[in-house]
Structures are given as structure tokens and as C-alpha cells.
Amino acid sequence: MKNQRLVAAAILLTIVFTLTLVFAQLTPTTSDWLVHITAEAQYKDICVHEAYAIITYKTYLYPNLTILDVRTPDEYNGVTSPGHIAGAINIPWDQLKDYFDNGTCPLIGSEDNVTIVYCRAGVRSARACDILVDEGFSPIYNMLGGITAWTNPAWNYPVVVGPPPTPIIISVLEAYEMVTNGSCNIIVDVRSRGAYDLEHIVNSTVPTILHARNIPYISAADFATKIDQELPGHENNPIIVYCQNSGCGLAQVACQVFVNNALRNFTRVYEMYDGIDVWKNPYDYPTAPTPPPPPEAFSDGFESGTFSAWTGTSLSSGETLQVVGTQFYEGLYSCHAKCVTAKHRAYAYYTFSSANDTCYMRFYVRFAADLVNGGSGMMLMHMASSTNKVVFNLRIRKTGGLYELSVGNYPEGTYYNSASFSISLDTWYVVELQVHVDASAGWFKALWEGVAKVDESGKNTGTTMIQRVNVGIAWNWDTNVEIYVDSVVVSNDPIP
């Protein structure tokens, strides 16, 4: 027994000693945490393991993290070094001050971001940290040991070799061709909201006029946050970016933020070099002002954090319907609906003071769980009478691995189905249902991402006027249905 105890004690001591050695490698020493406070510098040294932890969890803890590589371009691209840390911006340290002095530094506007700076071994990064301190950046972390320590074979943290994707500069003629032939459906205007509202690029060759999106460029950090929120799922789609003219410069810096975005790696970004000025003159390609908002019967983006704007909610026992701040298309909140059991409901509803024979309803939806392939799907919304007698519903289902949108016309007792199309989970899509009630000349149209999927006219849509809308999981046939809904607009006139 005594020998067994001695053996156990020896094993325990060996384990403790081994863990101590490992922990010593992975844990910074006291000197690693020293804050440099001199007349020239105020920043914090961290070891590569701390830097790796910050970078690894940036999406959750540091969404606006800046990683700055201050080595030469050859070192950054892997010509004379192992490569660079993914998402790092390359500005050689001896050029950094000039960039700030002439106002062209892509870091301007990111002063409050968490910033990690590194070089080959830690000398140049310390000098760069001094410059950042002078420019008002905080907090700043200098990664001790640089890329040499980062790529130590003992842990060999990952690096990227080669330059990051670069924006492709195109002419107005090339941009117009891409827009009109359907190869690019995302146009981003980075000018101010006022300039955009006065006039912006549109594509009038599609069934529904496609307006450029306005994402004003204020700073690199602000723009990175906005494109992360507004363009999820479009990382590999062509995106045309423009500003006023070639001398404006906003499109150029915005494109750099697109391709250097650590959260979403946009790969097909095009800068329309000459801007909207040349688009208009000499080419006279189509532009439009922002249409005035229609007289809205109702709109809500759940920004109150509650359902207070709605008439009420309808929820089957055991299901979920709540306003959440974890997912949103715009603002800070959205509606989260989840039904685990088939033939249940979880929706918010609004009842108008008067009924109408025409109704337009638009909202954004995001699927958190896939529908059952071959199942009957779910209803995203109802248009109904004041007593909730349903006149129309909008159903989506999955069949053959693709999705199908259907409009249920209750007076006829018929579903009108769309052609199949694909969607991705955790991506926001805009959905719209437009209807007109008439016993012989009724019509209805369902749009997905601005494209008409169902378009019928000359139908018997009955005589029951529309006075209530339900949105969320209006009804489900599948199990484990889970969606988010945001930015609901209902109007008696077309919604721009």
C-alpha cells in the first residue's frame, strides 16, 4: 500500500511539473503585461497566445478589431516571411505617419477599436504603437515576438500567404453592362444620405426598379460594421461601389474596407471609377431620387424591444415568440419565432381601423433552421379580415432540395406556386406580398429579393376586405421551424 501511494504521488508531481512547463509557455510573464508609459508611448505588450485569443474571439468580443502588420509588403505577402495574420492591414511602420499626415490612412475613424500591431520580432511594431498613441488610438496592443513568435513550431498559429483580394476598377460603361445584363444586382452608393436622396443610380431594366443601396462612408470602422450588417450572404456576389466622381475618393477607400474585411471576406468588389457624374453625363444612364415614403398603414422594426406597436400576438403552447437583440436586419432588434411542433403558430398581428381592398406588405426574414425537404413548409404571413378570416397567405416550402413560394388565394381555394429557387440559412431576405381584392379582376404578386415569384391577375379574390395582417410563423406543417422577422411595412400604396 505504501509503495502504491509513493507511485501515485510521483505521478501527480510529474503531471503538475509538466502542466507548469506548458502553462509557462502559454501564459504571459509579468513583463508581458507591462504598460509602456513614457513621453512617447502608452500601449500594452501582449504575447502571441493572448493575441491569438483576441483574434479568435473577435466576432463575439471585438467585432471592430483592427490587426495592423507594419512590415514591408514583401514580408506581408510571404515573399520573405511565412506570411501574415488573416485580416491584417499592411502599412509599413515608416509610412504610417505620412498616411496620417495626408489624411489617407485607412485607420482614420478606427481610433476606438481594439488594435493589435505586429512586425517580424516586435521592434517596428513598438515604433508604430508610438505613432498610434500620438494619433489618439486606444487600446493598443503590441504583439511581442511578432510573426516569428506567432509561427513558432510549438504552436504554429495560422498565416495567410499572398496579398489580400483587391477591388477591380471598372469604367461606367462596364458597370452599366454588368447592371443591365443581370450579372450584378448589388450597387452601393457611399455618398451622404442627402446626396443619395437627391439622385442615385437605378436599374430600370428589371421588372421592379433596382435602386442602389446607400451605405455612407464615414470611417473605415463604421463602414465595416454597416456592410457586415447589411450585406450578409453576399460575400461572393459582385458588388459595384461608386461615389460622386473620380476625385471624390470615397469609393476607393470603401472598396478597401470591403476586401480587407476580417468578418466577411468580400471577393468580387468593383469600383466604378468615374462615379455618378459620368454615369449621368455624357452617358445619360438612369438615375432617380429617393421616392417619398408611401402613406403607411403600419410599420415596425421592433425597436421598442417589445410588441407594443402591434395589436397583439398569437402563440401556440410551448412555442417561442419574442423580440431579441441578437439578430436584426436594421436597428437593434427583430422578432424571433420558433415552432417545435407541427400545426402550431407564433406570430404578431396588427388590425387596422378600417378595411381596404388593396394591400402591400414587405418584411425581411431570416431562416435559423432549414425546412423539411419534401414537407409542406410554413406560412410566413396572412392578410385577413378584422375577424381573422384569412383572404391570402404566403407559404414557403422545400422540395427537391430547393424552395418554393406560394400564394394561397382563399376565395378560390387555390395555391399559386413559384418556380424553385435557393436560399441560405442565417441570411436576410426581403419578401413582399401585393394584393387587390375583386371578385373578377383581383390580382396578387409575391416577390422575393425584389423579383416577382408569383404574379397573377384577373382572378377571383373575393369581396372580403383586408383589415388585419399576421407575420411570423402564421402556421406551420413542418417541425422545428425557426425564423427572424424585421422591418415590417404595410401600405395601401406601392412600397418603394
Going residue by residue through the range 169-176, is there one that turns out to be in contact with a His (Cβ under 9 Å, 6 or more places away or on another chain) and either assigned by TED's automatic domain parsing to the domain that holds Ala368 or more than 30 Å from Gly122 (Cβ to Cβ) (or both)?
no
Within the bounds of the range 199-208, is there any residue that is surrounded by fewer than 19 Cβ atoms within 10 Å (Cβ to Cβ), within 24 Å of the chain's Cα centre (by Cα) and either in contact (Cβ under 8 Å) with a residue 24 or more places away in the chain or not in a helix (DSSP H, G or I) (or both)?
yes
Here is a check on your reading of the model: is Asn281 touching a strand residue (DSSP E or B) at 6+ places or on another chain (Cβ under 8 Å) and either in contact (Cβ under 8 Å) with a residue 40 or more places away in the chain or exposed (fewer than 15 other Cβ atoms within 10 Å of the Cβ) (or both)?
no
Scan the range 30-44 and tell me whether some residue there is part of a helix (DSSP H, G or I) and either hydroxyl-bearing (Ser, Thr, Tyr) or at pLDDT 90 or above (or both).
yes
Is one or more of the residues making up the range 318-335 over 27 Å from the mean Cα position of the chain (by Cα), assigned to a loop (DSSP other than H, G, I, E, B) and closer than 24 Å to Thr464 by Cβ?
no
Is there a residue being assigned to a strand (DSSP E or B) and more than 30 Å from Ile201 (Cα to Cα) anywhere in the range 288-308?
no
Determine if the range 412-428 includes at least one residue that is aliphatic (A, V, I, L, M) and surrounded by 21 or more Cβ atoms within 10 Å (Cβ to Cβ).
no
Check on Val431, within 23 Å of Ala297 (Cα to Cα), touching a Lys or Arg at 6+ places or on another chain (Cβ under 8 Å) and surrounded by 21 or more Cβ atoms within 10 Å (Cβ to Cβ)
yes
Within the range 319-332, work out how many residues are hydroxyl-bearing (Ser, Thr, Tyr) and surrounded by fewer than 20 Cβ atoms within 10 Å (Cβ to Cβ).
2
Residues that are over 17 Å from Ser192 (Cβ atoms), out of contact with any Phe, Trp or Tyr (no Cβ under 6 Å at 6 or more places or on another chain) and either at pLDDT 90 or above or not in a loop (DSSP other than H, G, I, E, B) (or both): does the range 260-267 have at least one?
no
Odd one out for Asn156 among (1) crowded, with 21+ Cβ neighbours inside 10 Å; (2) free of Cβ contacts under 8 Å to residues at least 40 places away in the same chain; (3) more than 21 Å from Leu107 (Cα to Cα); (4) of a type outside the set (Asp, Glu)
(1)
Out of Asp222, Asp189, Asp228, sole residue that is of a type in the set (Asp, Glu) and at pLDDT 90 or above:
Asp189
Examine the range 122-132 for a residue that is touching a strand residue (DSSP E or B) at 6+ places or on another chain (Cβ under 8 Å), more than 30 Å from Met272 (Cβ to Cβ) and not in a helix (DSSP H, G or I), and state whether such a residue exists.
yes
Residue by residue through the range 425-453, note down the ones that are of a type outside the set (A, V, I, L, M, F, W, C) and not in a strand (DSSP E or B).
Asp426, Thr427, Asp438, Ser440, Glu449, Gly450
When you scan the range 414-431, do you find a residue that is under 17 Å from Met361 (Cα atoms), among the acidic types (Asp, Glu) and touching a residue at least 12 places away in the same chain (Cβ under 8 Å), even just one?
no
Test Asn236 against the criterion of being within 30 Å of Ala53 (Cβ to Cβ), of a type in the set (S, T, N, Q), loosely packed, with under 15 Cβ neighbours inside 10 Å and modelled with pLDDT of 80 or more, and give yes or no.
yes
Set Leu132, Leu173, Leu96: member being in contact (Cβ under 8 Å) with a residue 40 or more places away in the chain and buried (at least 16 other Cβ atoms within 10 Å of the Cβ)
Leu132
Residues to consider are Arg395, Arg366; find the one that is touching a strand residue (DSSP E or B) at 6+ places or on another chain (Cβ under 7 Å), surrounded by 19 or more Cβ atoms within 10 Å (Cβ to Cβ) and without any contact (Cβ under 8 Å) to a residue 24 or more places away in the chain.
Arg395
From the list Arg193, Arg127, Arg120, exactly one residue is of a type in the set (Lys, Arg) and surrounded by fewer than 16 Cβ atoms within 10 Å (Cβ to Cβ). Which is it?
Arg193
Single condition Gln95 does not satisfy, out of (1) under 29 Å from Gly247 (Cβ atoms); (2) modelled with pLDDT of 90 or more; (3) not in a helix (DSSP H, G or I)
(3)
Which condition number in (1) of a type in the set (Ser, Thr, Tyr); (2) crowded, with 20+ Cβ neighbours inside 10 Å; (3) farther than 24 Å from Pro496 by Cα is the one that Tyr349 fails?
(3)
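The values are calculated or read from the model by the stated rules, or taken from the named source; none is laboratory data. Since this is a predicted model, take the numbers as computed values, not measurements. Cβ: placed from backbone, ideal geometry, glycine included. Neighbour counts: every protein chain shown.
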